[in-house]
Amino acid sequence: MTTADPTESSTSADPRALTLENVERTLDELRPYLMADGGNVEVVEIDGPIVKVRLQGACGSCPSSTMTLKMGIERKLREAIPEVAEVVQVL
């Protein structure tokens, strides 16, 4: 009783492991939006379940950078990689 729908949904919802490669792949999905506003994001370190990033360009000094970090970057990473507990900005 295999159907195409469960296979497709499990493939798209398949969680990724917490690796630098998977973090970068997930961030690559967000980068076009950041770059459109003159910014970018760089992974500095993965410390256990905490991903440390540096916001670059316009994103580094934007008043909305905290919202971008928590509601955009952190949310997307936690959806794609359940092991991610938090994303923090380092300067």
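The values are calculated or read from the model by the stated rules, or taken from the named source; none is laboratory data. Here the structure is a predicted model, which is why all the values come from computation and not from measurement. Here Cβ is always computed from backbone atoms with ideal geometry, including for glycine, and neighbour counts include all displayed protein chains. Just so you know, the surface numbers come from the protein's heavy atoms only, side chains and all, with ligands and any DNA or RNA stripped out. Shrake-Rupley method; radii C 1.70, N 1.55, O 1.52, S 1.80 Å.
Could you tell me how many degrees, from 0 to 90 and to the nearest 10, lie between the Cα long axis of helix 20-36 and the main elongation axis, the longest principal axis, of the Cα atoms of the chain?
Relative to the chain, helix 20-36 is tipped by roughly 60 degrees.
Give the Rg/Rh ratio for the chain, taking Rg as the radius of gyration of the Cα atoms and Rh as the Kirkwood radius, to two decimals.
1.06
For the chain, what proportion of DSSP beta bridges, expressed in % and rounded to the nearest 5, is antiparallel?
65 percent
Most mobile of 63, 15, 49 per a Gaussian network model of the chain (Cα springs, under 10 Å)?
Per the Cα network of the chain with a 10 Å cutoff, 63 tops the list.
Order these peptides, 33-44, 67-78, by their mean beta-carbon neighbour count within 10 angstrom, highest first.
Packing order, densest peptide first, comes out as 67-78, 33-44.
Net charge near residue 43: determine it from the other residues with C-beta under 9 Å of the C-beta of residue 43, scoring Lys and Arg +1 and Asp and Glu -1.
-1
Accessible area per residue, 1.4 Å probe, Å², for the chain: what's the number?
Per residue, the chain has an accessible area of 63 Å².
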